[in-house]
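Presented below is the structure to which this report refers.
All of the numbers you see were taken from the coordinates with simple rules; none came from a lab. This structure is a prediction, so every number in the text was calculated from the model and none was measured. Please note: Cβ atoms are built from the backbone with ideal geometry, for glycine as well, and neighbour counts cover all protein chains shown.
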């Protein structure tokens, strides 16, 4: 059993990670305004702007592993992660940092693997690149960076928006030139549990192993949610095929933790 601290535990992904890991570990989580309490988790308030508060939390919990799924102001997040990295490096504590496929969103001609160069044209992607770089510079092999595509789940904002559109009968926006892979909160939490057990470091791309058209992905989600006969409005993102997908070149996960888009969709039933 490990002592695990999840930063951003009251968020959609953080909540699921806490609930999964608390089955076999002692789990602590942080919240700011939304004090959702994941089952089996001791919740602590954390204000991104208060660096002393973070130091107190770390000193109190003394975690074996920290998982960061923080959200909020980019500059405050960057500073919080810098302080976190220095503390964890000094104490030899592992960090798992949730990053994003958007670190490649200026390079949309293909799906990307871990060794591909990163380049972003979005504020979000560029923030994640800065955070990845800083964490690796300070912590070296003590940090595991997980780049993740779109994450869905029963309580996710994306699914709630799709359900609302389905209830109205559409039309739903369908991008005809968009290719992607996806993930779910529950399957991601299972993979993170394995990575902690095996002490995996470095950069790893997590998500469905297959890259599909947006239409294929949406059709699977709609079928899983039990809707038929929905109207669609087709749009294009750009003149060329647009990819936002991260696939892996590493043989790290066991076969039962490698998922297809269809399995990701089914995990939300």
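Tell me which label goes with the value of Rg and Dmax of the Cα atoms in Å computed from the coordinates here: [x] 19.2, 72; [y] 18.6, 58; [z] 16.9, 48. It is the value labelled [y]. Helix 157-167 versus the longest principal axis of the chain: what is the Cα-based angle in degrees, 0 to 90, to the nearest 10? The angle comes out near 30 degrees. Paramagnetic label reach from residue 219 (point 7 Å along Cα→Cβ; backbone nitrogen cut-off under 14 Å): within the range 242-267, residues 262.
With a Förster radius of 45 Å, plug the Cβ-Cβ distance of residue 154 and residue 89 into 1/(1 + (r/R0)^6) and report the FRET value to the nearest 0.05.
On the way: r = 37 Å, r/R0 = 0.82.
Step by step, r from the Cβ atoms, then E = 0.75.
To test your reading of the geometry: what angle, between 0 and 90 degrees and rounded to tens, separates the Cα axis of helix 12-21 from the longest principal axis of the chain? Approximately 60 degrees, to the nearest ten.
Between the beta carbons of residue 107 and residue 197, assuming R0 = 30 Å, the FRET efficiency works out to 0.35 to the nearest 0.05. Most simply put, the chain has about 5% antiparallel DSSP beta bridges, counting only bridges with both residues inside it.
When only Cα pairs below 8 angstrom with a gap of at least 6 residues are kept, the range 59-124 shows a relative contact order of 31 percent. Decide, for the range 63-181, between rounded, prolate and oblate: order the square roots of the alpha carbon gyration tensor eigenvalues as a ≥ b ≥ c, take rounded if a/c falls under 1.5, and otherwise choose prolate if a/b is larger than b/c, else oblate. Verdict is prolate for the range 63-181.
Packing order of peptides 72-78, 106-112, highest average first: 106-112, 72-78 (average count of other Cβ atoms within 10 Å over each peptide's residues).
The slack in the chain from residue 51 to residue 176, taken as 0.36 nm per residue of separation less the alpha-carbon distance, amounts to 40.5 nm.
Entry note, the chain: relative contact order of 19 percent, from Cα contacts under 8 Å with a spacing of 6+ residues. Of the residues 262, 23, the one with the fewest other Cβ atoms within 10 Å heads the list, and the complete ranking is 23, 262. For the listed peptides 175-187, 243-255, 88-100, a ranking on the average number of other beta carbons within 10 Å per residue, highest first, reads 175-187, 88-100, 243-255.
How long is the gain from residue 262 to residue 79 if the chain were fully straight, where each residue apart is worth 0.36 nm and the alpha carbon distance is subtracted?
Values: separation 183, 0.36 × 183 = 65.88 nm, distance 3.85 nm.
Extra length available between residue 262 and residue 79 comes to 62.0 nm.
To the nearest ten degrees, helix 123-139 and the longest principal axis of the Cα atoms of the chain are 30 degrees apart. Per-residue extension of 0.36 nm, minus the Cα-Cα distance of residue 163 and residue 32, leaves a gain of 44.4 nm for this segment.
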